[in-house]
1. To the nearest 0.05, what FRET efficiency results for Lys219 and Glu177 with a Förster distance of 41 Å applied to their C-beta separation?
2. For Asn94, enumerate residues with amide H under 5 Å from its amide H, sequence gap 5+ or separate chain, H modeled in the peptide plane.
3. Given Cα pairs under 8 Å that are at least 6 residues apart, what percent is the relative contact order of the chain?
4. I need the shape label for region 53-98. Rule: rounded when a/c is under 1.5, else prolate if a/b > b/c, else oblate, with a, b, c from the alpha carbon gyration tensor.
5. Between the DSSP loop rule and a limit of at most 16 other Cβ atoms within 10 Å, which trypsin sites (Lys or Arg not before Pro) in region 145-245 are left?
6. In what order do His106, His124, His241 fall by count of nearby beta-carbon atoms within 10 Å, going from fewest to most?
7. Going down the list Lys71/Lys174; Lys87/Lys134; Lys90/Lys134; Lys77/Lys201; Lys71/Lys136; Lys71/Lys235, which pairs span over 24 Å between their C-alpha atoms?
8. Mind pulling the per residue volume of the convex hull built on the Cα atoms of region 66-123? Å³ is fine.
Amino acid sequence: MTGQLIPTSQFTRDSRVVFFTGAGVSAESGISTFRDPDGLWKKYDPMELASADGFIQNPALVLEWYAWRRKMIRNSKPNEGHISICKIQKLFRNSVVLTQNVDGYHADAGSESIYELHGNIHRHKCFLCSTPVKLKVGDEEKLNYCECGGMVRPDVVWFGESLDMATLKTAFEKVSECDIFMTIGTSTQIYPAAQLPFEAKNSGAFVIEINPEPTPFSKMAHLSLRRPAVAALSKLYEDFHANIS
């Protein structure tokens, strides 16, 4: 990629920026995506491993799978894409990260104002009363119980469950007010989060899509980059750093 990618002269440090990220951002850290041809849902049944019914029927299997995923995440680290998002954030006085990822890498990379739409795999809560539960690393793969008697589960959004309404409401508010919206490494297929790029475009934001493959939103983006996140975000940071005042 050569030359300036975006009309940076029309933006300033006071421009409001939203990063909307999906599994493709963490793929370059070695974290498997879910819906790619060789993704996790081609190998595992999501209804067994990522649903309330699956957990009730076989909590040991679900906890073992999530323990495996946590180990994979902890054995890796944020990549240059996560770091570039953090660096771009620091150029603007008002920016947020809305992520579908549950790995916690945005925080590890130094980003702030992060809204985790699908929860966080490193947190836990009661299956019955939703009270947050703190577990030691060694206890995560074992079945634990809340004081109310409910089983302790990962604090992530499973199939058939609703996103946290307060978080979702804030996300749509941030998007409706933003000047620049970047949708990065997300298939734009899982609603209601998939509506966010369309909301940004309809609200007048300059919308940048970064994804190696086309998505249902691609034709609507002002700029659609068929690149992995690391390469595209590094170039965008160079453009912003050189031109934003």
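Nothing in this text is a laboratory measurement; each read-out follows from the coordinates by a stated rule. None of these values were measured; they are calculated from a predicted model. In this analysis, Cβ positions are derived from the backbone assuming ideal geometry, glycine residues included, and neighbour counts consider all displayed protein chains.
1. Working: r = 24 Å, r/R0 = 0.59.
For Lys219 and Glu177, the calculated efficiency is 0.95.
2. Amide H neighbours of Asn94: Val17.
3. On the way: 436 pairs, mean separation 63.2, N = 245.
Relative contact order of the chain: 26 percent.
4. Numbers: a/c = 7.01, a/b = 2.40, b/c = 2.92.
Cα axes put region 53-98 in the oblate bin.
5. Details: sites: Lys169, Lys174, Lys201, Lys219, Arg226, Lys235; in loops: Arg226.
Taking region 145-245 and a limit of 16 other Cβ atoms within 10 Å, the loop trypsin sites (Lys or Arg not before Pro) found are Arg226.
6. On the way: His106 26, His124 22, His241 13.
Listing His106, His124, His241 from fewest to most nearby Cβ atoms yields His241, His124, His106.
7. Working: Lys71/Lys174 33 Å; Lys87/Lys134 31 Å; Lys90/Lys134 32 Å; Lys77/Lys201 32 Å; Lys71/Lys136 14 Å; Lys71/Lys235 31 Å.
The answer is Lys71/Lys174; Lys87/Lys134; Lys90/Lys134; Lys77/Lys201; Lys71/Lys235.
8. Details: hull volume 4.0 nm³, N = 58.
With only Cα atoms used, region 66-123 gives 69 Å³ per residue.
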